[in-house]
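First comes the structure, then the notes that go with it.
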Amino acid sequence: MRAVLIAIYPGSFDPLTNGHLDIIERGIKIFDHLIVGVLKNPHKQPLFTPEERKEMIQETVKCFTNVEVDVFDGLLVNFAREKKCQVIIRGLRAISDYEYETQIAVINRKMAPEIETLFLPTSTEFSYLNSTIVKEIASFGGCIRGLVPPAVEKKLRDKFSKNAPWGILSE
Ligand code: PNS
């Protein structure tokens, strides 16, 4: 009998986009169990707290039985070991992501040789998308439908409608 394959998909997810969701949906077809690891990064000032980011992801992936969402801090490889993950998944949007991602993969492999990194190319429709762009659009009241899952769209609307003179985001 083969071992249960567990992968971790780590990131800041501030917030989750449909590009991230695409990677999750493809990842669960490959692995028995997928852990979405939300980084609590002391060096970054995120829009959403780690718990808010976790809740939005949980709401979005609740239809999948083999996805778990967890917050972590410190080294990714320590968390991956703790969770018994054999593989780290990262999405590659463009060739420009490759250098940075390879650097992280090589360093992680040096620290934890038993854990492999698997790169999944992002589906072309999401190759332009990232969390920063989504926040920028939302902060100016632009339409973010189709860029993020509904649970994230609602949270972004709530977040920005409080301060925005235009009220809610445009449809
Ligand atoms: O979504 P992001 O911000 O590109 O994700 C980056 C992430 C979470 C994969 C990376 O910053 C990370 O793993 N941080 C945890 C600290 C760590 O393990 N650092 C050593 C490798 S860079």
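The values are calculated or read from the model by the stated rules, or taken from the named source; none is laboratory data. Quick caveat, the model's predicted, so the values are computed rather than measured. Backbone-built Cβ (ideal geometry, glycine too); neighbour counts: all protein chains shown. We work out accessible area using only protein heavy atoms, side chains counted, and drop any ligands, DNA or RNA first. Shrake-Rupley method; radii C 1.70, N 1.55, O 1.52, S 1.80 Å.
Using a simple charge model, +1 on the beta-carbon of Lys and Arg, -1 on the beta-carbon of Asp and Glu, nothing else, what dipole does segment 6-128 show about its Cα centre, in debye to the nearest 20?
Once rounded to the nearest 20, the dipole reads 260 debye.
Along the positive direction of the dipole of segment 49-171 (beta-carbon charges: Lys, Arg +1; Asp, Glu -1; about the Cα centre), which of F160, N108, I133 reaches farthest?
The Cα lying farthest towards the positive end belongs to F160.
Nearest 500 deg cm²/dmol is fine: what mean residue ellipticity at 222 nm does the chain get from its DSSP H runs of n ≥ 4 alone, each adding -39,500 (n - 2.57), divided by its residue count?
For the chain, the value works out to -12500 deg cm²/dmol.
If you count only protein heavy atoms and use a 1.4 Å probe, how large is the accessible surface of R93, to the nearest 10 Å²?
90 Å²
Given all pairs of different Cα atoms, what value in angstroms does the Kirkwood hydrodynamic radius of segment 1-88 take?
13.2 Å
Given labels modelled 7 Å from the Cα in the Cβ direction, how far is it in nm from K40 to S96?
3.2 nm
Tell me, what is the percent relative contact order of the chain, built from C-alpha pairs under 8 Å that lie six or more residues apart?
Dividing the mean separation by the residue count of the chain yields 26 percent.
Taking the alpha-carbon set of the chain, what are its Rg and Dmax in Å?
Using the Cα atoms of the chain, the pair Rg, Dmax is 16.4, 60 Å.
Taking Cα centroids, how far is segment 1-30 from segment 73-119 in Å?
Segment 1-30 and segment 73-119 have Cα centres spaced 13 Å from each other.
Once you put a point 7 Å from the Cα of Q86 and another 7 Å from the Cα of D73, both along the Cβ direction, what distance in nm separates them?
3.2 nm
For a protection proxy built on the mean count of beta-carbon atoms within 10 angstrom, sort 15-24, 115-124 highest first, please.
The packing order, highest mean first, is 15-24, 115-124.
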